[in-house]
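This report concerns only the one structure given below.
The values are calculated or read from the model by the stated rules, or taken from the named source; none is laboratory data. Everything quoted here is computed from the prediction, not taken from an experiment. Using ideal geometry, Cβ is built from the backbone for each residue, glycine included, and neighbour counts are taken over all protein chains shown. With ligands, DNA and RNA removed, areas are computed over all heavy atoms of the protein, side chains included. Shrake-Rupley method; radii C 1.70, N 1.55, O 1.52, S 1.80 Å.
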Amino acid sequence: MSPQARSDAIGRMTEREIDVLVIGGGVVGAGAALDSVTRGLSTAIVEARDWASGASSRSSKLIHGGLRYLEMRDFGLVREALRERGLLLQHLAPHLVRPVPFLYPLTHYGWERSYVGSGVLLYDVMAARSGHARGVPAHRHMTRRRALREAPCLRPDALVGAVQYWDAQVDDARHTLAVVRTAASFGALAANRVSVTGFIRQGERVTGAELVDLEEGRRFAVRARQVVNATGVWTDDTQALADTPGQFHVRASKGIHLVVPRDRLHSSSGIIMRTERSVLFVIPWGRHWIIGTTDTDWSFDKAHPSASASDIDYLLDHVNSVLTSPLSRADVEGVYAGLRPLLSAAPEPPSKLSREHVVGHPVPGLVVVAGGKYTTYRVMAADAIDEAVRRMDKRAPPSCTQMVPLVGATGYAAVRNQRHDLAASAGLRVGRVEHLLSRYGSEVVDLLAMVRADPALAKPLPGADDYLRVEVVYAVTHEGARHLDDVLGPGCRGRRDRSASHG
């Protein structure tokens with residue numbers, strides 16, 4: 001996905017009618033492009049900004065079944081998400097997705113332990129029955145003393161005991177980018193910084209899209225048998241370009257996260273707490289903690305959601321209620337906000353809206369996929385392409401993406417076992433190579449080859465010494481980065497442990 005590859009992709013999109021054009025470069029759009037191209041369909045994907053620049057880089061960084069959905073009796077969603085969690089951990093992206101423990105503090109004697117424990121037990125059983133629970137430890141009950149050894153940052157009077165369970169976390173921006181790159185490796189034509197300005201119609205049927213290259217200002221058209229609208233919170237806006245009423249509407253729900261230094265909270269486990277609205281997570285993330293999230297309506301600029309003072313205070317107040325050493329605003333090194341695309345059919349609070357997804361076909365030639373949650377992106381993508389294929393005068397095999405490892409996954413375990421030799425050959429510390437492995441997987445050998453050819457690329461970035469210069473070069477030559485913000489800003493390929501700075 002070099003600059004030349006992007007130019008070539010744009011040129012090839014215009015040469016002939018393709019089978020599927022995907023609009024939207026978040027994780028669902030990327031997944032749809034991968035699903036489509038691996039069925040043997042000619043495929044293109046365009047994104048108005050950078051890959052994963054919306055919600056897919058501003059999440060809680062969790063791959064999880066959704067423990068709280070069990071309480072809502074949404075067993076199907078939990079079962080599906082746990083299966084996808086296992087696939088990502090074991091097969092699809094083991095370099096980007098890894099297990100993470102969470103401590104659930106109990107505040108009442110007796111009934112709460114039974115209630116929470118039975119829910120977590122069901123969670124583990126459902127994961128085991130999916131056939132993909134290997135590598136994720138089972139939950140365990142803890143006394144207050146044992147819980148305080150695990151998380152000394154908690155106030156002794158804030159809990160009477162705890163239950164610890166495991167889920168998984170992901171580098172969401174890099175994962176979405178890996179999905180796009182995997183699609184491109186199978187022949188999908190991928191171009192970021194390309195915006196849709198309208199749809200091409202032949203009678204009632206959508207037969208393609210009118211586009212503009214935002215880098216060069218050139219306008220062009222792409223003709224496709226089926227167009228997939230996977231634009232998340234922009235679903236209604238994109239739908240409006242087709243000049244037809246949507247079958248459903250998407251409501252933007254804002255979630256903010258605080259980033260604080262790791263040394264401000266002494267704990268070897270993440271923490272999950274109930275709030276009056278939903279749940280709050282304290283998530284380990286490199287040399288930091290991520291604290292989130294909120295769940296409030298957002299009706300302003302979708303491209304630039306922001307955190308308010310009350311949002312920040314809400315999170316600080318709730319986490320401080322259980323901490324021995326309360327956090328202040330001065331401890332907050334970063335704040336980022338993302339918008340969840342929730343299906344809306346009634347004026348319900350955002351926390352009550354469904355995380356299920358839907359696929360619609362409002363007019364011939366146009367498929368719309370919306371809703372859902374990050375963990376189940378692959379299922380959403382497969383459902384969208386299933387719908388596209390049903391309306392296409394061309395046969396295609398079923399989805400096979402459950403068997404397609406993402407770039408960096410193939411050979412990851414073997415390359416990781418060689419990390420000491422790889423570090424020595426490139427003149428780097430083993431810790432540096434381990435960091436690169438967690439971001440690039442088996443592709444780390446390509447970055448280390450660049451370092452051997454130019455040792456200056458092994459130097460850390462000024463002001464971001466967790467990252468090396470070679471990562472910036474690789475972002476441009478292999479990952480479609482077009483601007484400095486693509487590498488260093490929110491939703492970036494670079495400073496992922498400080499997802500966004502103040503402002």
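Of the residues in segment 120-132, how many are surrounded by fewer than 18 Cβ atoms within 10 Å (Cβ to Cβ) and part of a helix (DSSP H, G or I)? Residues that pass the stated criteria total 5. Among the residues of segment 165-177, are any outside any helix (DSSP H, G or I), more than 23 Å from residue 373 (Cα to Cα) and over 15 Å from the mean Cα position of the chain (by Cα)? The answer is no, given that none of the residues of segment 165-177 is outside any helix (DSSP H, G or I), more than 23 Å from residue 373 (Cα to Cα) and over 15 Å from the mean Cα position of the chain (by Cα). On the given criteria, is residue 159 in contact with a strand residue (DSSP E or B) (Cβ under 6 Å, 6 or more places away or on another chain), among the hydrophobic types (A, V, I, L, M, F, W, C) and at pLDDT 95 or above? Answer is yes for this residue. Scanning segment 52-72 for residues that are open to solvent by less than 10 Å² (accessible area, probe 1.4 Å) and part of a loop (DSSP other than H, G, I, E, B) gives 52, 61, 65, 66. Considered as a group, the residues in segment 277-292 that are at pLDDT 90 or above and in a loop (DSSP other than H, G, I, E, B) include one that is nearest to the chain's Cα centre (by Cα), and that residue is 286. Check whether at least one residue in segment 393-400 is modelled with pLDDT of 95 or more, touching a helix residue (DSSP H, G or I) at 6+ places or on another chain (Cβ under 8 Å) and assigned to a helix (DSSP H, G or I), and report yes or no. No, segment 393-400 contains no residue that is modelled with pLDDT of 95 or more, touching a helix residue (DSSP H, G or I) at 6+ places or on another chain (Cβ under 8 Å) and assigned to a helix (DSSP H, G or I).
Matching residues to (1) assigned to a helix (DSSP H, G or I); (2) of a type in the set (A, V, I, L, M); (3) over 21 Å from residue 20 (Cα atoms):
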position	(1), (2), (3)
359	no, yes, no
368	no, yes, no
377	yes, no, no
381	yes, yes, no
410	no, no, yes
423	yes, yes, yes
428	no, yes, yes
435	yes, no, yes
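Report whether or not residue 493 is touching a helix residue (DSSP H, G or I) at 6+ places or on another chain (Cβ under 9 Å), of a type in the set (Lys, Arg) and either at pLDDT 90 or above or more than 22 Å from residue 185 (Cβ to Cβ) (or both). In short, no. Checked against the criterion of being assigned to a helix (DSSP H, G or I), more than 24 Å from residue 25 (Cβ to Cβ) and at pLDDT 95 or above, segment 472-479 contains not a single residue that satisfies it.
Would you point out the residue of segment 203-220, among those that are in a strand (DSSP E or B) and in contact with a helix residue (DSSP H, G or I) (Cβ under 9 Å, 6 or more places away or on another chain), that is farthest from residue 27 (Cα to Cα)? If we take residues in segment 203-220 being in a strand (DSSP E or B) and in contact with a helix residue (DSSP H, G or I) (Cβ under 9 Å, 6 or more places away or on another chain), then 220 is farthest from residue 27 (Cα to Cα). Taking the conditions (1) under 30 Å from residue 12 (Cβ atoms); (2) outside any loop (DSSP other than H, G, I, E, B); (3) open to solvent by 40 Å² or more (accessible area, probe 1.4 Å) in turn, residue 45 satisfies each one other than (3). Quick check on segment 50-63. Is at least one of its residues more than 30 Å from residue 303 (Cβ to Cβ), in contact with a Ser or Thr (Cβ under 8 Å, 6 or more places away or on another chain) and in contact (Cβ under 8 Å) with a residue 12 or more places away in the chain? No; the residues of segment 50-63 include none that is more than 30 Å from residue 303 (Cβ to Cβ), in contact with a Ser or Thr (Cβ under 8 Å, 6 or more places away or on another chain) and in contact (Cβ under 8 Å) with a residue 12 or more places away in the chain.
Given the criteria assigned to a helix (DSSP H, G or I) and either within 15 Å of the chain's Cα centre (by Cα) or closer than 23 Å to residue 271 by Cα (or both), does residue 9 qualify? Judged against the criteria, residue 9 is not a match. None of 289, 285 is among the aromatic types (Phe, Trp, Tyr) and open to solvent by less than 20 Å² (accessible area, probe 1.4 Å) except 289. Restricting segment 423-476 to residues that are among the aliphatic types (A, V, I, L, M) and touching a residue at least 60 places away in the same chain (Cβ under 8 Å), the residue that is least open to solvent (accessible area, probe 1.4 Å) is 437.
Against the test of being more than 23 Å from residue 392 (Cα to Cα) and touching a residue at least 60 places away in the same chain (Cβ under 8 Å), the options 236, 172 yield a single qualifying residue, 172.
Every residue, every condition in (1) in contact with a His (Cβ under 8 Å, 6 or more places away or on another chain); (2) in a strand (DSSP E or B); (3) among the small types (Gly, Ala, Ser); (4) open to solvent by 10 Å² or more (accessible area, probe 1.4 Å), yes or no:
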residue	(1), (2), (3), (4)
179	no, no, no, no
190	no, yes, yes, yes
195	no, yes, yes, yes
201	no, yes, no, yes
257	no, yes, no, no
